Structures are given as structure tokens and as C-alpha cells.
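The values are calculated or read from the model by the stated rules, or taken from the named source; none is laboratory data. For clarity, every value in this text was computed on a predicted model and none was experimentally measured. Note that each Cβ is placed from the backbone with ideal geometry, even for glycine, and that neighbours are counted across all protein chains shown. Quick note on the areas: whole protein, heavy atoms, side chains included, nothing else; ligands and nucleic acids left out. Shrake-Rupley method; radii C 1.70, N 1.55, O 1.52, S 1.80 Å.
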Amino acid sequence: MGGSDLGGGGGVEFWRAEAQRLAADNVALRARVEELEGQVDALAEKVSVLARMAFGTSSEKGVRPARGGAGATGAAGGDDPGGGPDKRGRGQRRGGRGHGRRDYSHLPTREEIHDVPEAERVCPRCGAPYARFGQERCEQIDWQVRLTRIVHRRPSYRRTCRCPVRGVLVAPPVLKAIGKGRFTTGFLARLLCEKFVLGRPAHRIIAALAHDGLDVAEGTLAGVFAACADLLAPLAALITERNSAAAHLHIDETSWRVYAAVEGKDSHRWWCWVFVGPDTTVFRIASSRSLKVLTDQLGIPVDPDTGALPDVLPGGRQVLLSSDFYTVYQALGRLDGVDNLWCWSHIRRYFIRAGDAHPELATWTAGWVERIAELYVAHTAMSAAEPGDLAHTWAAAQFSAALNTIDAERTAQMAHADLLHPAAAKVLATLDREWDGLARHREYPELALDNNTSERALRGPVVGRKNYYGSGSVISAQLAGRAWTITATAERAGLNPLAYLHAYLDECARAEGSAPTGAALTRFLPWAVSTQDRTAWAADPRPNPTPPNPIPSADPRAGPAPETRPTETAA
């Protein structure tokens with residue numbers, strides 16, 4: 001009978017080869033399954049993070065503890081999931097002492113008399129007149145937007161004699177910040193505040209003006225904004241110069257759109273950077289997220305041929321950078337003279353995200369959140385006490401002990417990393433890798449533990465990004481960075497951005513439509529304004545401002561202050 005003998009040597013070799021093939025396929029399939037399971041876990045973690053951002057409460061929002069003391073929820077830094085009776089809402093507490101009605105007597109006032117008709121001021125039976133003995137009084141606040149068309153007329157006079165003097169007399173031209181523009185400096189200042197302080201897009205500003213009778217083309221406002229960019233440039237440059245020389249900066253970045261074709265760039269994705277110094281806040285909208293943005297801002301020389309950084313900062317300069325763990329900050333931290341202060345809030349979020357994505361890690365996550373909360377408690381107490389006081393000494397010891405506890409726990413857990421859940425091992429690997437920058441806060445206890453300062457500073461641009469989606473041109477992006485730099489720094493100095501910009505544009509008008517120079521420019525540096533100018537440009541023009549309604553402070557055990565930037569976090 002024909003056919004191969006399966007029981008012979010050839011059959012054995014066939015089955016051996018087949019078994020080896022199946023074993024190899026099995027190994028490949030197992031590897032593929034592990035890879036797919038890893039992808040599923042990663043996607044589940046992303047979904048949990050995005051779900052918390054979109055629908056959940058902030059993991060960094062404090063909760064007031066129960067009257068009997070700090071409960072487990074407050075200690076762990078989370079929100080009260082049940083919304084029980086101990087969770088306090090917003091607003092004035094019933095039975096609490098308020099501040100009374102606010103005083104608006106500083107506003108322009110118009111009195112209106114509402115009197116009883118004279119014919120009704122007699123007794124309807126006997127006709128005896130009513131005698132006046134007092135009055136009732138109430139106040140209302142009216143809100144009016146008034147657009148005014150100002151017609152400037154300059155009569156001219158001709159000479160009627162033959163004396164060798166001027167033949168025609170006429171008043172000087174009207175001062176304008178924009179040469180042939182039709183808008184006053186007050187209009188321009190309000191326009192800049194509407195867009196860059198309040199975040200209103202141009203088309204909504206145009207609609208609001210139309211409601212009050214002014215029809216303006218969008219192209220007209222685009223031209224106005226372009227002219228304002230040149231006027232603001234010198235002031236923004238001086239603020240940037242002071243910011244770049246600061247010894248400590250909070251730095252962060254978020255995505256931004258610039259809808260313009262730029263050579264060498266194949267997308268509209270740019271980046272809005274913020275640099276927060278001791279008394280300045282600088283914004284830069286750059287086409288990249290690279291190290292070059294940092295070196296340009298900080299004035300660090302780079303080799304023009306190789307792009308290599310120097311080994312040390314020039315002039316023996318020392319800089320502290322508070323940031324997240326993004327690679328460009330790590331690269332800059334390798335320079336001698338640059339020290340990174342990593343953000344404890346970011347590492348805390350990593351633990352929380354791991355717990356959200358993997359419920360079996362809930363206890364592990366709660367333990368780490370509690371340790372970080374203890375660190376914040378001690379740091380808050382240390383910041384509130386005077387250096388040298390017993391309270392400060394005690395808080396410093398608690399702060400050091402909290403750091404030591406975290407250090408010991410991470411070392412112990414990393415020693416058995418192979419037994420940990422992969423998500424937990426990943427977070428601990430990040431903590432281990434970035435420990436030096438996190439522990440460096442021990443050397444600078446007066447500085448914040450997190451980078452929420454810069455994240456809050458980015459809130460205005462993020463609101464603008466949601467409203468007008470970015471910038472329509474490179475010039476528009478430059479104006480945005482300059483306007484935010486100037487107004488944010490002015491607000492930090494306690495100045496009213498509207499009054500401040502109005503005064504600056506008035507100076508531009510006196511300079512015949514160009515930016516002021518010399519002393520006329522340095523007068524507007526927010527950190528060095530005169531007492532007279534500070535009074536005129538004060539954030540609150542009232543002579544005796546009413547203090548705001550006090551808001552109870554959050555329990556410090558609830559962890560870091562609330563994050564305000566609804567954007568992605570760099571890994």
C-alpha cells in the first residue's frame with residue numbers, strides 16, 4: 001500500500017518539527033496576549049483618568065473634616081464620596097457673622113425723588129394736610145454701556161497782518177495710540193482686557209458692540225490687534241528680561257493652536273509656555289515644546305553649530321526650576337547651576353490614577369496619598385510659622401520625618417518590585433527615578449511643594465483656548481503672549497489691568513503712536529510704579545475697600561491646592 005510510513009524515522013522527525021512549531025506559536029501567542037493585556041490596562045487607565053477629569057471631582061480639592069476631627073476621607077486627601085452632612089457647601093453659613101452690605105458710595109450717583117402726589121397728601125375725610133416727618137431710602141445699581149462718537153474740530157486762524165510770524169494757527173492734532181485709528185485709548189484698553197483678561201473671542205466682542213449700536217468689521221479689529229502688538233512689545237520685553245534673571249521660576253506649558261502656515265512646520269499645534277517668577281509672569285507662545293524655548297527664555301547660550309548646552313550656567317548663576325517631570329526640564333537640570341524641584345502634586349496624581357484604573361490597588365493608593373498628605377501638613381505648618389519659633393522647628397522636624405518615611409517606604413517596596421502590580425511598580429519606578437528632585441524640597445522649605453502656581457497662571461489662556469481655539473496668525477500669537485505677560489504681572493502687583501493699559505496707551509499716544517522709551521517706559525514697570533500711579537491704577541478704586549467674604553480654608557491634610565489646568569500632564 002502506498003504512502004509514507006508515519007511510524008518510521010521520517011514520521012518522528014515530522015512530529016518533532018510540528019511540536020516545535022506549535023510550541024513557538026504558543027510562545028508568540030502568549031507574548032501577543034501579554035502585549036494586548038498591557039494595552040488594555042493602559043487604555044483602561046487612560047479612560048479612568050479622562051473620566052475623572054470630565055465627570056469626577058478634583059483629587060486635590062480639600063474637604064472640611066467632621067466637627068469631631070479629621071476623618072479618614074480628609075486624611076487621605078480625597079473628596080467625600082457620599083456628600084454627607086459634614087461636607088460644607090459654598091456661601092454664607094446660617095447663623096454666621098457676615099460683613100454686611102457692600103458700600104458702593106464711590107460710584108457716580110444720581111438721586112431720584114419718588115414723592116406722593118400733592119393732591120393725595122391730605123386726609124380724604126377732613127382735608128387736613130399730611131405733615132412730612134422722614135423718608136424711606138433704597139439703592140439700585142444700574143449697568144449701562146455707552147458708546148460715544150467724538151468729533152474733534154480744530155478751528156484755524158489766518159494772519160491778518162504782514163508781520164513775520166506764523167500765517168495760520170491751529171490746535172495740535174488729537175493724540176492717538178494708533179496713527180489713523182478711530183478708537184480712543186480707553187476703547188483699545190477695554191478691547192485688550194475683554195479678549196485677554198476676560199477671554200472673550202473677537203466675534204463675541206463684535207456682537208456685544210453691535211447690541212449697543214456699533215457695527216465693526218472683524219478685519220478692523222484684527223488690524224487694531226496687530227497695531228497693539230507693536231505697542232506692547234517693549235513693555236513685555238522688560239518684564240521678560242526681569243523674569244529670565246529670576247533665581248526661582250515655576251514653569252509649565254500647554255498646547256496652543258496657531259492657524260498660520262509657517263515654513264518648516266507641518267501642523268498648527270504650538271505651545272503656550274508660562275514662567276512665573278517672584279513678581280513677574282511671562283507667557284510665550286512657541287512653535288515647539290523643545291529645550292530651545294527654555295534656553296531662549298533663560299538666556300542660556302547654546303552652541304550655534306551643534307546646539308550643545310554649556311556645562312555650567314554663565315557667571316556662576318544659580319536657578320531653581322519648579323516643574324513637572326517633562327524631559328526638557330530634566331535636560332536643563334543636568335547643567336551645573338540648575339536645580340530641579342519636582343512637583344509633589346504630579347507624583348500624587350500618578351498614585352491616584354493607578355488606584356482609579358485598578359480597584360485592587362485602592363488600599364495601596366490610600367497609603368501613599370496619606371504619606372504625601374502628611375508631607376503637605378508639615379509644610380503648611382512650617383510656612384505658617386516664623387523661622388526660629390518653636391512651632392517652625394517642630395514643623396520642620398515633621399516635614400523631614402515625612403520625607404524620610406516616604407523614602408524608606410519607596411525603598412522597601414522597590415526591593416520587591418517583581419511582586420507588585422505592574423501599575424504600582426510603574427508609579428514607584430517614576431518616584432524612584434525622580435526622587436532627587438522631589439527630596440530637594442528639604443533644602444528649600446520656603447518654596448511650594450508643587451507646580452500648581454504655573455498651572456493656575458495658565459488658566460486664562462486655557463479659557464481663551466476654549467473660547468477662540470487659539471490664534472489666527474503668528475502676530476496674534478505674539479500679541480496674546482505679550483498681553484498676558486503684561487496684565488498678569490500687573491495683577492500680581494495689585495494693579496487694575498484696564499486702568500493700567502489705559503494709562504500705558506495714553507503714553508503711546510503722547511509718543512505719537514509709538515511705544516514710549518526711557519523713563520516714560522520704565523514708569524510702567526509693575527514692580528516699581530510710583531505711589532501716585534499705584535493709587536491711580538489700583539485694582540480696587542474704592543477709598544476703603546470692603547473685605548471679601550472670608551472662605552474657610554481647606555483641611556491641609558487634603559493634599560495640595562486644587563489644580564486648575566484642564567489639560568494633559570506630561571509623562
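Residues in the range 306-355 that are surrounded by 15 or more Cβ atoms within 10 Å (Cβ to Cβ), without any contact (Cβ under 8 Å) to a residue 60 or more places away in the chain and part of a strand (DSSP E or B): 338 alone. Residues in the range 380-437 that are touching a Leu at 6+ places or on another chain (Cβ under 9 Å), small (Gly, Ala, Ser) and farther than 30 Å from residue 38 by Cα: 402 only.
Is there a residue being under 30 Å from residue 179 (Cβ atoms), modelled with pLDDT under 95 and part of a loop (DSSP other than H, G, I, E, B) anywhere in the range 261-282? Yes; the residues of the range 261-282 include at least one that is under 30 Å from residue 179 (Cβ atoms), modelled with pLDDT under 95 and part of a loop (DSSP other than H, G, I, E, B).
A search for C-beta distances below 8 Å between a residue of the range 148-177 that is outside any strand (DSSP E or B) and any residue that is open to solvent by 100 Å² or more (accessible area, probe 1.4 Å) and of a type outside the set (Phe, Trp, Tyr), counting only pairs 6+ apart in sequence or on different chains, returns 159/166; 167/158; 171/154; 173/154; 174/152; 175/510; 175/512. Inspect the range 103-112 for any residue being among the hydrophobic types (A, V, I, L, M, F, W, C), open to solvent by less than 80 Å² (accessible area, probe 1.4 Å), at pLDDT below 90 and outside any strand (DSSP E or B) and give the result as yes or no. Within the range 103-112, one or more residues are among the hydrophobic types (A, V, I, L, M, F, W, C), open to solvent by less than 80 Å² (accessible area, probe 1.4 Å), at pLDDT below 90 and outside any strand (DSSP E or B).
Name every residue in the range 113-161 that is loosely packed, with under 10 Cβ neighbours inside 10 Å and hydroxyl-bearing (Ser, Thr, Tyr), in order of residue number. Result: 148, 156, 160. Output yes when any residue across the range 241-259 is touching a Ser or Thr at 6+ places or on another chain (Cβ under 8 Å), of a type in the set (A, V, I, L, M, F, W, C), assigned to a helix (DSSP H, G or I) and on the phi < 0 side of the Ramachandran plot, and no when none is. No - not one qualifying residue is present in the range 241-259. Annotation note: Cβ proximity below 8 Å between a residue of the range 254-276 that is basic (Lys, Arg) and a residue that is part of a loop (DSSP other than H, G, I, E, B) (sequence gap 6+ or interchain) occurs for 257/268; 257/469; 257/470; 265/287. Every condition in (1) crowded, with 16+ Cβ neighbours inside 10 Å; (2) under 30 Å from residue 359 (Cβ atoms); (3) in contact (Cβ under 8 Å) with a residue 40 or more places away in the chain is met by residue 396 except one, and the failing one is (2).
Residue 180 meets all of the listed conditions (1) open to solvent by less than 100 Å² (accessible area, probe 1.4 Å); (2) outside any helix (DSSP H, G or I); (3) within 30 Å of residue 285 (Cβ to Cβ) but one, namely (1).
If I go through the range 184-204 residue by residue, how many of them are β-branched (Val, Ile, Thr) and either part of a loop (DSSP other than H, G, I, E, B) or within 17 Å of residue 460 (Cα to Cα) (or both)? Total meeting the criteria: 2. Taking every residue in the range 9-29 that is in a helix (DSSP H, G or I) and pairing it with any residue that is surrounded by fewer than 10 Cβ atoms within 10 Å (Cβ to Cβ), at least 6 positions away or on another chain, the pairs with Cβ-Cβ distances below 8 Å are 10/4; 11/4; 11/5.
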